[in-house]
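Contents: one structure, followed by commentary.
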Amino acid sequence: MTNHVSKYDWIDKHQNDETPPSYLDNMRTPSKTQYIAQEKLWEEFLIDVKNSSQLPDIDGLKKFAFFSAARSRGRLAEHADVKTLSKNMERFFYQWNRSNNYQIPKQDLADCQKFITTTLSKHEGLRLQDLEFDKEYCDWEDVQNIIYYMIAKDTHKYRNPRFLAQAMVTLLIISDDGERIGAVARSDCYRNEEIALLYEDVDLVMKPTTSPGQLARFEMTIRFHNRKNERDTKRRLDIRFLQRPGYAHCIILWFLALALQDNVFYDKSIKSPADLFHKQNPDPIDRRIRFKPEMLQIPICRRMGGAGKRKLSPILPWNTGPIITEFKRIVEAAGYPQRWTFYTIRRTLANAMNDSRDVSDAWRKTIMGHTGEKDRVFRENYQSTLLTVDTGNLFRKEAPRAERKEVLNMRAHYNPNLPRLPKEEKEEHVNKDADVQYLLESKKQLQLQLLMLEASEPRSAASEINITTIRAAIRGRTVCLRRRRDLIRGRLGRKFMKDIMLDPDTMYKKYPPVANNNIVREGLTRALYPNQGHRSSPLFALEMILDHINSENSVSAAKKNEEPQHLHLQNEEVDDLERDLEGRGREQRAQDKEKIERAQKKLEKQARRHAKALKKLEKAQKKAEKTTLNELRVGEGSKKKAKRHPKKPAKDHLTRNEIHYIPQNIKKRSIPNGETQLGSDRRKRSKVCA
């Protein structure tokens, strides 16, 4: 390892070199965030050690690793994780070598990572963790249970009924091809880009009809442009979806419901599900169904308008964060106590393709979006730790047993009547938190200060500034309170579900489950899950889905047509209500009069100030006009004087090339003596020559 003197000499020698191109230019938002975080952490480290010339040699890297471990926190615990710390040191290594002339040797990075795993991991003060999330697996049977709960038993009221169909489309796409959620919705890692799955990415075709009275059959192809590591590239993956007999699990029906609500079809005759399914395709080939050109760039799954708006946005795509949060609630309510993400489905599909003889490794990598010749990503992050190959029967040359094939452990703890933590107990834990109590107390104090300032009259400019500042502080306290409460509730819920998996007998006795056999949406459930007594069809199922999506308008209309409750009361109760309303009306009128008087006084003051400002402006304009007139008059007088009395040209005491250096207003006596003497010498010489 080179010493410090040679390093400084090398830096001084090459400090005038051209700076290398920015290493962030070819990176996307998630990678930029991680690399910039390491760069900022290095700057904080230099301030902490009070040595701005510290170099990242092996000693500097070890000190930086210790500093990072002491400053950072893990997601699973209050302290940093060993693997995360090693990965961050690798990011810092690449960041430094791409943006600085001095290069860190690879051996120094390897020694530093070994120092983290051996020495820092055993440090008592740092208490580094070596934990990881349990990687659960979710198969098609689990997905069917989740879908049935969403349709039949979920009592949650969405802000817009369309969100149920959007959630179904997202879940069925991921269940069919194991795609990442960021390819369907707007990824939180790319917040600067409003990019998601658009109508332009969908090709909908009608299959040929074999008989005259047959309902139309459809096929759909989705072209993914937003896959990880494939954005802004020419690589695309097309996935074809077929119409399934199970209506609840048919992605085409849910997509058609969203498309009909958005009125995206170019054919103006298609306005209802009946118009669509009664179309005939006598041709022997598929007929493409076109969309309107103005609707091609519209996202299929959209979110509500920003800043507290209650209307669905026409252009903003649905975010991945709310989708994941919503499905965590759904899966837990459906009866699964495990930690759930969309990667549970993705891991299951990857293992199923790996175990299948019909799928090659090349196709598995293409579908999963994995690159490289080695299978390190699959082996470390996707492959199950439970052996799924029946090695015993293979050795005995017998058929594999079904029990040895099952990897999927989410169903091991599945219970549709899962116990729930009571809200009273949960809120009690939340209210006892020290941070929540501090935020509540500080918010009350700010509210009291705000009331005192608003009641004081007259208000000065400083008091108005204080009022706006206090209101902003109250809003900040409210946001912090909401986030802290959500964090505590999430931790309590995870701990409760973990206790159920570890000690189910005790938890079931302490919190007895309540059976939930009620069906919330009977009409939609019968249409999507037809029994022997209830017949259904794709057309009827689509009509029921569309009615549910459009139910928001019917609910609002019903509310408008509702009769007021006091019409059904008795006469005595009506009289009491009228008296109460009269008393409240008097008080309200008095308060309104006071408010109006205050407002009138404010308006009068503002009018006076406005009049004064106008007078000042008029005076300033008059002064400006007078000055301009005077300047014009002075300019005209100076021109007349110049015509009457033209200035005489100055005598040529210097050479002709040097005359323009002397100002015209300088008199002859102001010229230095040396220059006047020069002119007299020239005259004498000319006389002698003559």
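Among the residues making up region 267-276, those that are closer than 16 Å to Gln214 by Cα and over 38 Å from the mean Cα position of the chain (by Cα) are Ala274, Asp275. Restricting region 186-196 to residues that are part of a loop (DSSP other than H, G, I, E, B) and not small (Gly, Ala, Ser) leaves a set whose member that is modelled with the highest pLDDT is Ile195. Residues in region 451-471 include at least one that is more than 20 Å from Val331 (Cα to Cα) and under 28 Å from the mean Cα position of the chain (by Cα). Could you tell me whether Thr348 is hydroxyl-bearing (Ser, Thr, Tyr), open to solvent by 10 Å² or more (accessible area, probe 1.4 Å) and in contact with a Leu (Cβ under 7 Å, 6 or more places away or on another chain)? It is true that Thr348 is hydroxyl-bearing (Ser, Thr, Tyr), open to solvent by 10 Å² or more (accessible area, probe 1.4 Å) and in contact with a Leu (Cβ under 7 Å, 6 or more places away or on another chain).
How many residues are open to solvent by 60 Å² or more (accessible area, probe 1.4 Å), farther than 15 Å from Asp435 by Cα and touching a residue at least 40 places away in the same chain (Cβ under 8 Å) when one looks only at region 466-497? Matching residues across region 466-497 total 1.
Please go through region 234-264 and give me each residue that is touching a helix residue (DSSP H, G or I) at 6+ places or on another chain (Cβ under 7 Å), closer than 23 Å to Asp275 by Cβ and either among the aromatic types (Phe, Trp, Tyr) or surrounded by fewer than 20 Cβ atoms within 10 Å (Cβ to Cβ) (or both), ordered by number. If the condition is that a residue be touching a helix residue (DSSP H, G or I) at 6+ places or on another chain (Cβ under 7 Å), closer than 23 Å to Asp275 by Cβ and either among the aromatic types (Phe, Trp, Tyr) or surrounded by fewer than 20 Cβ atoms within 10 Å (Cβ to Cβ) (or both), then Phe241, Gln243, Tyr247, Trp254, Phe255, Gln261, Asp262 are the ones that fit. All conditions but one from (1) without any contact (Cβ under 8 Å) to a residue 40 or more places away in the chain; (2) surrounded by fewer than 16 Cβ atoms within 10 Å (Cβ to Cβ); (3) assigned to a loop (DSSP other than H, G, I, E, B) apply to Asn229; the one that does not is (1). Candidates are the residues of region 407-429 that are outside any loop (DSSP other than H, G, I, E, B), of a type outside the set (Lys, Arg) and at pLDDT 80 or above; the one that is least open to solvent (accessible area, probe 1.4 Å) is Met410. If you go through region 168-185 and pick out every residue that is open to solvent by 10 Å² or more (accessible area, probe 1.4 Å) and either part of a loop (DSSP other than H, G, I, E, B) or in contact with an Asp or Glu (Cβ under 6 Å, 6 or more places away or on another chain) (or both), you end up with 1. Contact annotation: residue pairs with Cβ atoms under 7 Å, 6 or more positions apart or on different chains, pairing a residue in region 35-47 that is within 15 Å of Lys63 (Cα to Cα) with a partner that is of a type in the set (Gly, Ala, Ser), are Leu41/Ser68; Leu46/Ser52. Within region 351-364, if we keep just the residues that are more than 25 Å from His225 (Cα to Cα) and not in a helix (DSSP H, G or I), the residue that is most open to solvent (accessible area, probe 1.4 Å) turns out to be Arg357.
When residues in region 325-345 are screened for being open to solvent by 40 Å² or more (accessible area, probe 1.4 Å) and either of a type in the set (S, T, N, Q) or assigned to a helix (DSSP H, G or I) (or both), 5 of them pass. Of the set (1) more than 28 Å from the chain's Cα centre (by Cα); (2) surrounded by fewer than 18 Cβ atoms within 10 Å (Cβ to Cβ); (3) not basic (Lys, Arg), all apply to Tyr158 but (1).
Check whether at least one residue in region 70-81 is small (Gly, Ala, Ser), crowded, with 19+ Cβ neighbours inside 10 Å and at pLDDT 85 or above, and report yes or no. No, because not a single residue in region 70-81 is small (Gly, Ala, Ser), crowded, with 19+ Cβ neighbours inside 10 Å and at pLDDT 85 or above.
Determine whether region 286-302 contains at least one residue that is of a type in the set (A, V, I, L, M, F, W, C), over 30 Å from Asn516 (Cβ atoms), in a strand (DSSP E or B) and modelled with pLDDT of 90 or more. Yes, there is a match, as at least one residue in region 286-302 is of a type in the set (A, V, I, L, M, F, W, C), over 30 Å from Asn516 (Cβ atoms), in a strand (DSSP E or B) and modelled with pLDDT of 90 or more.
Entry remark, region 30-47: residues being in contact with a Lys or Arg (Cβ under 9 Å, 6 or more places away or on another chain), modelled with pLDDT of 85 or more and of a type outside the set (A, V, I, L, M) number 2 in total. Taken over region 511-525, the criterion of being part of a helix (DSSP H, G or I) and touching a residue at least 40 places away in the same chain (Cβ under 8 Å) is satisfied by Leu524, Thr525.
For region 430-448, the tally of residues that are open to solvent by less than 90 Å² (accessible area, probe 1.4 Å) and part of a helix (DSSP H, G or I) stands at 11. Would region 98-109 turn up any residue that is of a type in the set (A, V, I, L, M, F, W, C), surrounded by 13 or more Cβ atoms within 10 Å (Cβ to Cβ), touching an Asp or Glu at 6+ places or on another chain (Cβ under 7 Å) and part of a helix (DSSP H, G or I)? Looking through region 98-109, at least one residue is of a type in the set (A, V, I, L, M, F, W, C), surrounded by 13 or more Cβ atoms within 10 Å (Cβ to Cβ), touching an Asp or Glu at 6+ places or on another chain (Cβ under 7 Å) and part of a helix (DSSP H, G or I).
The values are calculated or read from the model by the stated rules, or taken from the named source; none is laboratory data. Computed from a prediction, not measured in an experiment: that's the story for all the values here. Note that each Cβ is placed from the backbone with ideal geometry, even for glycine, and that neighbours are counted across all protein chains shown. What goes into the accessible areas is simple: the full protein's heavy atoms, side chains included, and nothing from ligands, DNA or RNA. Shrake-Rupley method; radii C 1.70, N 1.55, O 1.52, S 1.80 Å.
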